[in-house]
Amino acid sequence: MTNFRLISLLNVFFKVSETAMHSKLSCHLHDNSILATLQHSFRKKISTENAVFRLTKTILKSINQEMHVAGIFCDLAKAFNCMNQDFFYLNDISMEFEECLKTGSGPI
């Protein structure tokens, strides 16, 4: 009995509800044209590969027209892991904002 693990149906329930919610939300965003046309993720048949292709096409077109081309690319994948988590609390932000308004300067 040392190898015994409980089986939970909770994960299945959450996965089904997540899929249903994703479907409804995607339909709502698409039907009401809420997402920007340049949003390349979270949309059917439009992936980040499309964004890379569009960027490459724009760069090559500019080079062919003998224009100057420059790019700055930032990898923000772990940027928020390094920040103080207290920063994200709404009360702290609103208090800092009020302090900024009162004194005319502040951390924001």
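Can you list residue pairs whose Cβ atoms sit under 9 Å apart, with the first residue in segment 34-56 being farther than 18 Å from S23 by Cβ and the second being at pLDDT 85 or above and surrounded by 10 or more Cβ atoms within 10 Å (Cβ to Cβ)? Count only pairs 6 or more apart in sequence or on different chains.
Close Cβ pairs satisfying both conditions: L38/A51; L38/R54; H40/N50; H40/A51; H40/V52; H40/R54.
Kindly list the number of the only condition in (1) modelled with pLDDT of 80 or more; (2) surrounded by fewer than 10 Cβ atoms within 10 Å (Cβ to Cβ); (3) among the aliphatic types (A, V, I, L, M) that fails for M21.
For M21, the exception is condition (2).
Kindly establish whether C27 is part of a helix (DSSP H, G or I), at pLDDT below 65 and surrounded by 10 or more Cβ atoms within 10 Å (Cβ to Cβ).
Working: part of a helix (DSSP H, G or I): yes; at pLDDT below 65: no; surrounded by 10 or more Cβ atoms within 10 Å (Cβ to Cβ): yes.
Criteria not met by C27.
The values are calculated or read from the model by the stated rules, or taken from the named source; none is laboratory data. Everything numeric in this text was worked out from a predicted model, so none of it was measured. Here the Cβ is made from the backbone with ideal geometry for all residues, glycine too, and neighbour counts use every protein chain on show.
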